[in-house]
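Everything below concerns the one structure shown next.
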Amino acid sequence: MTTSINPTQNLAPIYVTEADFEILSNLAEATAHRSPGGRVLADEMARARIVEPGEAPRPFARIGSTVEYEDLTSGQIRQVRLTLPRDASIDDHRISVVTPIGAALIGLATGESFQWTDPEGRARGVRVLDLQA
């Protein structure tokens, strides 16, 4: 079974910088066939709008951002820093952009949410509560 975006949600555009887009697209291509997070990331990059830093109409989560989010499945609130896979450390609250949650948070702004279906068919979702881009 594959990971998929919830087809009933109205997806707002996400924003990524050109530099992040190149890195994230390469990661997505390398991991999409073997990782649920890679598949989510690939789907997100397919709908991304590329902007220069400061050009987007709102601040958005990107590599290096600190994001406070609500897990819409469990109701838990967490604060994490989005990182590349080599810099991830769950003990230090740094999550990789190739994890399903990390991929879902990329490009979102405060107040926005994203939902997907995991490989086991369970609905998952996150909502950004606060963001330090």
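The values are calculated or read from the model by the stated rules, or taken from the named source; none is laboratory data. Not measured: the values here are computed from a predicted model. Note: ideal-geometry Cβ built from the backbone for every residue, glycine included; neighbour counts use all protein chains shown. Note: accessible area is taken over every heavy atom of the protein model, side chains too, but ligands, DNA and RNA are not part of it. Shrake-Rupley method; radii C 1.70, N 1.55, O 1.52, S 1.80 Å.
What the table below lists for this structure:
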{"quantity": "Checklist (1) touching a helix residue (DSSP H, G or I) at 6+ places or on another chain (Cβ under 7 Å); (2) modelled with pLDDT under 85 applied to residue 28, failing item", "calculated": "(2)"}
{"quantity": "Check on residue 80, free of Cβ contacts under 8 Å to residues at least 60 places away in the same chain, among the hydrophobic types (A, V, I, L, M, F, W, C) and on the phi < 0 side of the Ramachandran plot", "calculated": "yes"}
{"quantity": "Matching residues in the stretch 61-79 - criterion: being closer than 18 Å to residue 115 by Cβ, of a type outside the set (Gly, Ala, Ser) and crowded, with 19+ Cβ neighbours inside 10 Å", "calculated": "67, 69"}
{"quantity": "Of the criteria (1) among the small types (Gly, Ala, Ser); (2) touching a Ser or Thr at 6+ places or on another chain (Cβ under 9 Å); (3) open to solvent by less than 10 Å² (accessible area, probe 1.4 Å), which one residue 107 fails", "calculated": "(2)"}
{"quantity": "Residue selected from the stretch 87-104 under the condition farther than 16 Å from residue 124 by Cα and hydroxyl-bearing (Ser, Thr, Tyr), by the criterion most open to solvent (accessible area, probe 1.4 Å)", "calculated": "89"}
